[in-house]
Amino acid sequence: MLPAFDKPLWARDGAEWPNHEASRFVEADGLAWHVQVMGPPIGSGAPVVLLIHGTGAASHSWRDVAPILARTATVIVPDLPGHGFTETPPRGRLGLAGMAVAVRALARALDVRPCVAVGHSAGTAILMRAILDGGEAFAPRALIGFNSALFPFRGEASQFFSPLAKMLALNPVIPAIAAFRASDEKAIRRLIEQTGSTIDARGLDCYRRLMRRSGHVSATLAMMANWDLAPLGRQMGKLACPVTLVVGTGDTAVPPAEAEAVAERLAHARIVQWPDLGHLAHEEAPQAAADLIAETLASVGGQKDAPDAAG
């Protein structure tokens with residue numbers, strides 16, 4: 001029998017979630033969010049780093065990066081709407097614009113202004129949209145994107161994948177079937193390896209826990225079906241903050257060459273290549289990811305107010 005249409009539940013799954021002791025639940029944009037807050041308390045004067053995961057993932061994606069950063073910064077790690085333990089909004093709010101509105105609302109609810117915003121894959125697009133639309137209320141001093149997915153599918157793929165995503169998202173049976181298949185650990189391992197990455201057993205288990213829940217799968221498919229990157233591509237040149245694009249050269253999910261095309265459209269951009277790492281480069285090399293983020297904090301003056309010693 002196929003599993004019931006459900007989502008990860010904190011009461012059932014939270015005890016074994018990475019960094020669960022940092023978790024809290026916050027109301028923002030009409031949703032109950034699962035958010036992890038680490039390091040010096042909000043309002044302590046420490047710089048704030050916001051970490052946004054990509055499509056189909058959750059806060060666990062930053063499980064090893066966040067604790068390192070928390071030694072000197074206040075680190076905010078949410079599950080995006082519909083993902084992980086955060087409530088799912090109406091389908092129409094799972095697109096890029098809706099996600100960006102939701103992230104800005106979460107920042108207001110927490111009363112934080114990120115000094116550095118960091119996204120992985122689609123998370124970078126969400127942050128770009130949030131910055132472009134947020135004005136002074138959401139204006140990080142720097143943006144970092146790991147293996148950023150910022151361009152739509154091109155050519156024949158654009159005519160195939162978007163209708164397919166819409167069809168899958170509207171079919172209530174598909175998420176249940178996908179969740180059933182994801183209960184197989186080997187299937188999840190193959191899925192991750194197809195992105196060019198190799199991650200540890202704990203990370204694989206987190207993805208398996210997420211993908212075996214049809215509610216999480218359904219929200220992921222709905223997000224893909226509502227995704228529209230064309231306006232962002234036309235407007236990203238208006239970003240005033242410096243942008244660092246980290247590229248795992250072994251990424252088979254987002255072509256590494258796309259970073260060059262993105263950088264050409266930005267006023268202040270640099271590309272950092274990480275040889276042999278795949279789409280989940282920040283999970284494969286968390287210390288390197290944390291070091292790069294910390295260096296960016298220092299470069300924009302984000303560490304001057306941090307305490308000498310932080311938890």
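The Arg113 and Arg202 beta-carbon pair, evaluated with R₀ = 25 Å, returns a calculated FRET efficiency of approximately 0.20. Given R0 = 41 Å, the distance between the Cβ atoms of Glu295 and Ala230 translates into a calculated FRET efficiency of 0.80. Ordered from longest to shortest, the equivalent ellipsoid semi-axes for the range 1-134 are 22, 19, 13 Å, each the square root of 5 times a Cα gyration tensor eigenvalue. Taken one residue at a time, the phi angles of the range 278-287 give Karplus couplings (6.51, -1.76, 1.60, θ = phi - 60°) of x, 5, 9, 4, 5, 7, 6, 10, x, 5 Hz. Gly and Pro are set to x.
For Ala253, the residues whose amide H sits under 5 Å from its own are His279, ignoring neighbours fewer than 5 places away on the same chain, with H placed 1.01 Å from N. For the range 198-267, the percent of C-alpha pairs falling in each 10 Å distance bin, counted from 0 to the bin holding the largest distance, reads 15, 29, 36, 20, 0.
What net charge is computed for the residues neighbouring Ala125, neighbours being all others with C-beta under 15 Å from the C-beta of Ala125, Lys and Arg scored +1, Asp and Glu -1?
+2
State which stretch of the chain is the longest one without any exposed trypsin sites (Lys or Arg not before Pro), exposure meaning a DSSP loop state and at most 15 other Cβ atoms within 10 Å. The reported range is 1-153. Its alpha carbons give the chain an Rg and a Dmax of 18.1, 57 Å. Normalised Debye scattering of the range 229-299 at q = 0.11, 0.20, 0.22 Å⁻¹ gives log10 I(q)/I(0) of -0.30, -0.92, -1.05, counting only Cα atoms as equal scatterers and leaving out solvent.
Ranking Ala225, Ala109, Leu245 by how far each Cα lies toward the positive end of the dipole of the chain (charges on Cβ) leaves Ala225 at the top.
Coupling constants for the range 106-111 follow from the phi torsions by the Karplus curve (6.51 cos²θ - 1.76 cosθ + 1.60, θ = phi - 60°), and in residue order they are 5, 4, 5, 5, 7, 6 Hz; glycine and proline get x. Listed values for the range 73-89 are Karplus-derived 3J(HN,Hα) couplings in whole Hz (6.51 cos²θ - 1.76 cosθ + 1.60, θ = phi - 60°), namely 9, 7, 10, 10, 10, x, 8, 5, x, x, 10, x, 9, 8, 4, 8, x, and x replaces Gly and Pro. Backbone amide hydrogens, once placed in the peptide plane, bring Ala28 within less than 5 Å of Trp33, excluding anything fewer than 5 places away on its chain.
The numbers here are math on the coordinates, done by the rules we state, and not lab data. Source: prediction; values computed, not measured. Cβ sites come from the backbone with ideal geometry, for glycine too, and all protein chains shown count toward neighbours.
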